[in-house]
Amino acid sequence: MKVLCCLNADIVSSVALNLLLPALAAHEVHVALSARVGRSGDDQHDPAPRRDLRVAEQRYAQDVLFPLVERAAFADDGRYLTFGELAHRRGIDVTALPNPNSGEGLALIQRFAPDLILSIRYGAIFKSPAIAVPRLGILNLHAGLLPAYRGVIATFRALMADAHEIGCTLHYITDGTIDTGPVVGMAPVTVDRDRSLFWNVVSLYPSGTALMADALGRLSAGERLSTTEQQGGTYFSYPSADEWTDFLHRGWRVVDPGDLHELSLRYLPRVHAGA
């Protein structure tokens with residue numbers, strides 16, 4: 001089966017893709033990356049906590065970790081692989097796809113002609129031309145429990161609501177609306193109140209990608225996924241500066257240095273990682 005994996009070029013997406021690799025091994029895979037989630041522009045206009053989260057999620061990997069790992073040419077011994085290493089070591093096509101709905105982006109999708117599109121943290125909204133291409137549809141792994149937490153940084157909203165559980169929702173994308181499609185399943189995770197927002201987000205993906213891997217296996221076996229229509233729910237945009245301030249006043253941390261240390265070790269050989 002031909003599978004197009006649409007992700008964002010950040011470390012959390014990379015972790016999710018590495019977790020999904022065993023399930024993708026039997027398929028012809030193309031990876032397409034957005035450059036960022038949300039509006040483009042000057043990050044300096046964002047609240048400081050939002051900038052810290054963007055550095056942890058994206059800039060650290062792009063500017064520091066991934067270039068160093070790729071230059072070191074470590075052995076492929078079960079460690080996580082960068083996007084570049086997936087291309088050079090596993091022969092998986094990895095390309096930029098900032099706009100999947102027209103021009104070169106839509107042409108790329110049509111040329112690859114995927115049977116299925118898998119979306120994880122992808123930074124663009126699929127519209128009708130792209131949605132019509134894969135015969136098995138588009139499955140999105142949303143980092144929030146739907147329909148309560150639609151939109152961006154859903155984990156932030158759940159923590160602000162004093163939720164005991166966060167999680168991923170696997171759902172179909174059937175139109176150009178955001179996080180509204182029929183739900184295939186949910187993977188709840190207990191909130192770790194001793195860890196940062198960033199780490200709680202990362203913690204969603206082992207169970208979330210397992211949910212997606214199961215769906216991929218069933219679809220490739222010719223099964224049809226049962227779904228549940230969403231009812232109600234709330235869409236959340238980016239937190240305001242005041243909301244970030246409230247988040248910090250409640251004792252939450254956006255990111256800890258130890259988070260990046262732990263994630264970095266997963267990209268190193270076991271002997272380097274001390275495992």
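Worth pointing out:
- Filtered by the rule that a residue be part of a loop (DSSP other than H, G, I, E, B), more than 18 Å from the chain's Cα centre (by Cα) and among the hydroxyl-bearing types (Ser, Thr, Tyr), region 117-140 gives no residues.
- Taking the listed residues Ile125, Ile109, the one that is within 17 Å of Ser34 (Cα to Cα), among the β-branched types (Val, Ile, Thr) and in contact with a Gly (Cβ under 9 Å, 6 or more places away or on another chain) is Ile125, with no other qualifying.
- Of the helices (runs of 4 or more DSSP H) lying entirely inside region 1-110, those containing at least 2 residues that are closer than 28 Å to Pro269 by Cβ are 11-24, 66-72, 83-90.
- Number of the exception - Glu104 against (1) crowded, with 16+ Cβ neighbours inside 10 Å; (2) of a type outside the set (Gly, Ala, Ser); (3) within 23 Å of Asp10 (Cα to Cα): (1)
- Of everything in region 172-201 that is touching a Gly at 6+ places or on another chain (Cβ under 9 Å) and among the aliphatic types (A, V, I, L, M), the residue that is surrounded by the fewest Cβ atoms within 10 Å (Cβ to Cβ) is Ile178.
- Criterion applied to Arg150, Arg111 was being under 14 Å from Pro100 (Cβ atoms) and of a type in the set (Lys, Arg), and the one residue passing it is Arg111.
- Wholly within region 166-275, helices (runs of 4 or more DSSP H) carrying at least 1 residues that are at pLDDT below 95 and closer than 21 Å to Glu57 by Cα: 270-273
- Test result for Pro114, modelled with pLDDT of 95 or more and not in a helix (DSSP H, G or I): yes
- Close Cβ contacts (under 9 Å, 6 or more residues apart or on different chains) running from residues in region 71-96 that are at positive phi to residues that are surrounded by 13 or more Cβ atoms within 10 Å (Cβ to Cβ) comprise Gly78/Pro269.
The values are calculated or read from the model by the stated rules, or taken from the named source; none is laboratory data. These numbers come from a predicted model, not from an experiment. Cβ: placed from backbone, ideal geometry, glycine included. Neighbour counts: every protein chain shown.
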